[in-house]
Amino acid sequence: MNSLENLSFDQERALIRVDFNVPLDDNGNVTDATRIAAALPTIKHILAAGGSCVLMSHLGRPKGNDPKLSLSQIVSTLEKHLGQAVHFCDEVVGEKAEAQALALQPGEVLLLENLRFHDEETKGDEAFSAALAKLGTVYVNDAFGTAHRAHASTTIVAQFFAEKKCFGHLLAAEIEAIDKVMTSGEKPVLAILGGAKVSSKITIIENILSKVDHLIIGGGMAFTFIKAQGGSIGKSICEDDKMPLALSILEQAEKLGVKIHLPVDVRAGQDFSNNTPQQVFPIDQIPNDWEGMDAGPASEESFDAVVKQAKTILWNGPLGVFEFPNFNTGTRSLGDSIVAQTEAGAFSLVGGGDSVAAVKLFGLEDKVSYVSTGGGAMLESLEGKTLPGIAAILA
Ligand code: AMP
């Protein structure tokens with residue numbers, strides 16, 4: 001398979017799908033340039049190898065041409081990060097874009113207008129993909145966040161590049177991190193799944209059960225398991241219709257020799273608010289008018305002991321309502337345990353929207369091995385799906 005390292009970029013024009021879907025303020029200023037900074041290693045590699053770059057991305061969800069979502073607004077931020085001038089084309093495909101792409105000299109960069117100004121992008125339109133393909137001689141996909149979409153720029157365009165296509169650094173690193181957890185990681189492998197609902201994580205649980213040695217189930221999800229086993233969970237969040245499924249997961253895990261760890265106690269509140277009175281109860285003895293909102297101190301300790309045994313760790317989903325400062329202790333404590341175990345040599349991958357928000361909130365994002373940038377793409381990978389954007393490069 002081709003990679004950024006073994007493909008020649010000398011005198012080539014690389015058409016790169018990046019993820020510049022960055023937040024903007026009301027004046028069109030970039031408020032968080034993380035995604036722009038993350039794309040630099042791939043761009044710089046190609047420029048240093050004697051190539052030029054045609055960058056394409058979406059920004060927001062425009063309906064047709066929308067100046068408020070023009071990528072022209074990010075040019076100055078990109079220039080600052082890249083340390084050089086960037087050409088901008090106010091069109092995506094067509095004569096003007098082709099002329100500007102052809103005029104590029106080695107070492108130069110061109111940014112195209114927002115791909116989603118054309119609805120052919122999300123439709124995966126073949127003619128639009130062919131028009132995009134005219135802009136480059138090599139195709140590079142470096143956008144993990146959209147790799148689960150069979151859009152023109154993420155998937156369909158790849159078919160016009162026979163051998164001359166590869167993953168960028170960012171996408172390659174995402175694939176490697178997920179692969180470490182799912183297939184090649186050092187044992188024991190631990191997955192920690194939290195968040196609100198069993199139903200949204202069930203496909204992940206089913207897929208990873210045969211791949212892990214330990215599984216911590218925390219957050220709101222845990223209560224369905226506790227109630228299914230006969231526990232009293234008060235007015236904690238629960239999906240009654242998923243209780244048989246919870247029992248069958250516990251059974252399946254036992255057959256597979258996978259240890260499932262549930263919280264043993266809980267920090268509960270009387271209503272769903274930050275300042276509600278708080279009390280700790282055993283996880284299966286929550287009084288009727290109380291609601292479990294965070295892992296309790298004994299759970300923190302028992303989860304810490306599990307994390308300490310693991311060599312490979314996947315974390316998806318918070319252990320409580322971490323958005324309320326009074327109920328973020330369990331999630332924070334788990335983050336600290338993972339950081340300590342990472343420092344002791346384990347590989348740790350944090351992915352999926354809310355756990356990423358949590359590690360950022362606690363300032364832990366640089367202290368775990370890898371934080372995944374793609375919410376939906378990450379979840380679909382963990383569900384065992386082959387992402388179309390990845391398959392298109394491997395084809
Ligand atoms: P998810 O998107 O499925 O990972 O769920 C994340 C959400 O789960 C966060 O917004 C948390 O506030 C919520 N959550 C975690 N624990 C609980 C709980 N015990 N009760 C209600 N919501 C919870």
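Does the stretch 123-143 include one or more residues that are assigned to a loop (DSSP other than H, G, I, E, B), under 14 Å from Lys165 (Cβ atoms) and within 24 Å of the chain's Cα centre (by Cα)? Yes, the stretch 123-143 contains at least one residue that is assigned to a loop (DSSP other than H, G, I, E, B), under 14 Å from Lys165 (Cβ atoms) and within 24 Å of the chain's Cα centre (by Cα).
Restricting the search to helices (runs of 4 or more DSSP H) fully inside the stretch 325-395 and requiring at least 2 residues that are within 12 Å of the ligand (Cβ to nearest atom), closer than 30 Å to Ala150 by Cα and within 13 Å of the chain's Cα centre (by Cα) gives 353-361, 375-382. Taking (1) free of Cβ contacts under 8 Å to residues at least 40 places away in the same chain; (2) within 27 Å of Lys308 (Cα to Cα); (3) assigned to a loop (DSSP other than H, G, I, E, B) in turn, Asp271 satisfies each apart from (2). Six or more apart or on different chains, Cβ atoms under 7 Å: show the pairs whose first residue is in the stretch 347-361 and outside the structural domain of Gly376 (by TED's automatic domain parsing) and farther than 17 Å from Leu190 by Cβ and whose second is modelled with pLDDT under 95 and in a helix (DSSP H, G or I). Partner pairs satisfying both residue conditions: none exist.
Against the conditions (1) surrounded by fewer than 23 Cβ atoms within 10 Å (Cβ to Cβ); (2) modelled with pLDDT under 95; (3) hydroxyl-bearing (Ser, Thr, Tyr), Ser369 satisfies every one except (2). Looking across the stretch 164-204 at every residue that is out of contact with any Leu (no Cβ under 9 Å at 6 or more places or on another chain) and among the charged types (D, E, K, R), the one that is nearest to the ligand (Cβ to nearest atom) is identified as Lys197.
Residues in the stretch 202-225 that are part of a loop (DSSP other than H, G, I, E, B) and more than 23 Å from Arg267 (Cα to Cα): Leu209, Ser210, Lys211, Val212, Asp213. State yes or no: is Val189 among the hydrophobic types (A, V, I, L, M, F, W, C), farther than 27 Å from Trp290 by Cβ and over 20 Å from the mean Cα position of the chain (by Cα)? Criteria not met by Val189. For the stretch 12-43, the set of residues classified as surrounded by 16 or more Cβ atoms within 10 Å (Cβ to Cβ) and part of a helix (DSSP H, G or I) consists of Arg35, Ile36, Ala38, Ala39, Leu40, Thr42, Ile43, listed by residue number. In the stretch 64-92, of all residues being in contact (Cβ under 8 Å) with a residue 40 or more places away in the chain and outside any helix (DSSP H, G or I), the one that is surrounded by the fewest Cβ atoms within 10 Å (Cβ to Cβ) corresponds to Gly64. Of note, Phe281 does not satisfy the criterion of being in a loop (DSSP other than H, G, I, E, B) and surrounded by fewer than 22 Cβ atoms within 10 Å (Cβ to Cβ).
Looking at this structure, is Gly320 assigned by TED's automatic domain parsing to the domain that holds Gly269, within 9 Å of the ligand (Cβ to nearest atom), more than 26 Å from Thr183 (Cβ to Cβ) and assigned to a helix (DSSP H, G or I)? Taking the combined requirement at face value, the residue does not satisfy it. For the stretch 264-285, filtering for residues that are touching a Phe, Trp or Tyr at 6+ places or on another chain (Cβ under 8 Å) and within 11 Å of the ligand (Cβ to nearest atom) leaves 4. Would it be correct to say that Phe160 is within 16 Å of the ligand (Cβ to nearest atom) and at pLDDT 95 or above? Answer is no for this residue.
The values are calculated or read from the model by the stated rules, or taken from the named source; none is laboratory data. Model, not experiment: these values are computed from the prediction. All Cβ positions, glycine included, derive from the backbone under ideal geometry; neighbour counts span all protein chains shown.
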